[in-house]
Amino acid sequence: MALSERERQMLEEMEEAIRAEDPRFASQMNGVRAPGGDRRRMALGIVGALAGLGLVLLGINTSIWVGVAGFALIVASVALALTPGRSGDGAGLGVVGSDGSVRSARTPRSKGASRPGKGRSPKSKHQGSFMQRMEARWEERRQQGQGW
């Protein structure tokens, strides 16, 4: 079911409020992963874990230190396979500005870029936390509804 125009507008307002309230969370939700990176990391982790298992079995017959090195290799390989990778070109990374906008870490700031206190958008005039603004809107709607 498609959203109505009003519902889309409310959703966009809520997204903007979340970006303003917690920019780091918003940028994490918009993160991008490299498409082939996870497969490569998983394959490398599996190969490393199998090599570590071989060292553990070899360590049983030879020296305890070979087995310990094999166990360490298994742990490191599993950690490599399970942790999410970063994209090589830095596509999902950026710098969060004071207004909540995210710009690329490699893109230099232009001369006309906004600085704190200058050139703020009209939406930044709202004060208070996200919940306070939602409560104020709720009260405003409730008071408008009492006239019916």
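Values in this text are rule-based calculations from the coordinates and carry no lab data. All figures in this text were calculated on a predicted structure; none of them were measured in a lab. FYI the Cβ positions are ideal-geometry reconstructions off the backbone, even for glycines, and counts take in every protein chain you see.
Each Cα pair under 8 Å and six or more residues apart adds its sequence gap; the mean of these over the residue count of the range 38-85 is a relative contact order of 50 percent. Remark: Glu21, Glu140 ranked as Glu140, Glu21, counting other beta-carbon atoms within 10 Å and listing the fewest first.
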